[in-house]
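Everything below concerns the one structure shown next.
The values are calculated or read from the model by the stated rules, or taken from the named source; none is laboratory data. All values derive from a computational prediction rather than experimental measurement. Heads up, the Cβs are rebuilt from the backbone with ideal geometry, glycines too, and the neighbour counts pull from every protein chain shown. Please note that ligands, DNA and RNA were not included when accessible areas were found on the heavy atoms of the full protein model with its side chains. Shrake-Rupley method; radii C 1.70, N 1.55, O 1.52, S 1.80 Å.
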Amino acid sequence: SHIACSSNETIMISKMAEFTAVILAASQGDRLYPLTGAGLAMDDEGQEPIVEDIATTASSSNAKPIPKHLLPIGGEPILARLLQTVVASGFEECVILAGAEMEADIVALTNTVDLGAKCDCIVDVIALPSSCSGSADALRHLYSVKGENIADVVVIPGDLVVEGKGLLGWLVDAHRRARYSKHASGCTMLLSDVGEEDADGMPLKESAKAKKGGFSRDEEDVEFIATTFPALDCMRRVVLKQSKVDVEEDEDFVGKTPKLIIPKAKLDATCGLNVRTDLLDIHVYVFAPWVRHLLNERRNITSLQEDLVPLLVSRQFSGVASTFANDTNVLNYNLKDEPFVVVAQILPRGPRIALRACTIPSYLFACREIVAHSIKFP
């Protein structure tokens with residue numbers, strides 16, 4: 001059976017789990033307003049949320065505020081579905097980092113969600129202090145609570161909607177294989193191919209995908225992502241990850257041509273290179289144990305996505321010490337100054353769902369797809 005507890009309780013773990021799933025569930029979800037900010041309108045008995053009319057929801061007098069990870073999809077909260085996926089993937093330990101005001105609701109959910117009769121996963125809910133200002137601070141707090149009793153962590157956003165049991169295990173296996181390669185992975189990330197083509201095979205713009213009812217991204221979510229095209233004996237690495245808006249920004253208004261700069265030191269003569277804008281970073285990352293010390297030393301890192309991952313991408317092959325503000329700090333933690341890489345696992349196009357329900361369009365798309373996939377025709 002699974003065990004859920006609050007941050008005020010203590011759990012003794014007999015052995016360190018090889019990988020710990022860490023679900024970030026601390027934010028309300030501003031981009032999902034009014035579903036979250038004003039809450040979901042409830043029925044007369046205060047039971048099932050009504051999401052049919054967003055405008056009515058926003059102005060409803062009986063609206064109840066609800067964080068984004070507790071929004072329903074297919075009749076179940078997003079977080080409940082995610083927990084089931086984590087347990088089915090074989091994790092022995094899962095930690096949910098929650099906002100203090102959400103802790104009680106999340107503990108109640110973990111105690112009621114069906115995780116299977118043979119579940120041996122320990123589910124721990126830790127309330128984050130008000131001083132946490134971002135995802136990096138949340139991870140620092142986890143490390144301070146768990147101490148040395150934690151190894152590789154798999155960071156998962158609480159609004160992640162995944163269909164299929166093997167996806168997280170597939171990501172973890174790639175990170176595990178990298179340990180025994182020429183260069184171990186400091187970070188292994190999950191990317192999803194969200195591109196679509198028209199009848200003539202031409203790529204569709206995000207606006208065109210939205211009009212036809214497909215999954216579309218906001219402009220600020222589109223990135224240039226360059227990955228190596230691996231030979232038989234090398235991994236697919238991320239060598240560039242930069243916002244499309246930042247690349248194409250013309251600050252001087254002189255009509256300059258956007259440029260992508262990839263240092264030769266980040267390339268390998270045995271691998272090709274793909275530069276794409278149809279890959280979606282869904283913010284699922286596996287971090288090596290030494291990253292905890294990096295976060296402890298570089299307190300200016302506030303976001304895993306915007307600060308930590310770009311830093312790791314830029315320091316590949318340069319050694320662990322190059323990521324620290326002061327190279328001598330590596331010796332203080334008894335770390336080996338070995339080269340590392342950032343590995344990408346790319347989920348190909350297809351019927352499988354893997355996306356963040358962090359905007360109203362993406363949430364409605366996920367609701368529609370989950371329901372459609374659950375219908376079994378005779």
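Brief remarks follow.
- Residues that are among the charged types (D, E, K, R) number at least 1 in the following helices (runs of 4 or more DSSP H) confined to the range 288-378: 291-297, 360-374.
- Considering residues of the range 254-287 that are among the acidic types (D, E) and in a loop (DSSP other than H, G, I, E, B) only, the residue most open to solvent (accessible area, probe 1.4 Å): D268
- Residue count for the range 217-231, restricted to those that are part of a loop (DSSP other than H, G, I, E, B) and not basic (K, R): 4
- Screening L97, L71 for residues that are out of contact with any Phe, Trp or Tyr (no Cβ under 8 Å at 6 or more places or on another chain), at pLDDT 75 or above, crowded, with 16+ Cβ neighbours inside 10 Å and closer than 22 Å to V155 by Cα leaves exactly one candidate, L97.
- Taking the criterion of being open to solvent by 20 Å² or more (accessible area, probe 1.4 Å), hydrophobic (A, V, I, L, M, F, W, C) and within 30 Å of V341 (Cβ to Cβ), the residues of the range 207-229 that qualify are F215, F224, F229.
- Summed over the range 288-302, the residues that are open to solvent by 50 Å² or more (accessible area, probe 1.4 Å) and over 16 Å from the mean Cα position of the chain (by Cα) give a count of 5.
- Filtered residue count, the range 183-199, keeping only those that are of a type in the set (A, V, I, L, M) and within 19 Å of E306 (Cα to Cα): 3
- Qualifying residue in the range 271-284 (condition: at pLDDT below 85 and β-branched (V, I, T)): no
- For the residues L312, L308, the requirement of being modelled with pLDDT of 90 or more, touching a Cys at 6+ places or on another chain (Cβ under 7 Å) and not hydroxyl-bearing (S, T, Y) singles out L312.
- Scoring F317 on the criteria (1) touching a strand residue (DSSP E or B) at 6+ places or on another chain (Cβ under 6 Å); (2) surrounded by fewer than 17 Cβ atoms within 10 Å (Cβ to Cβ); (3) hydrophobic (A, V, I, L, M, F, W, C) leaves a single failure, condition (1).
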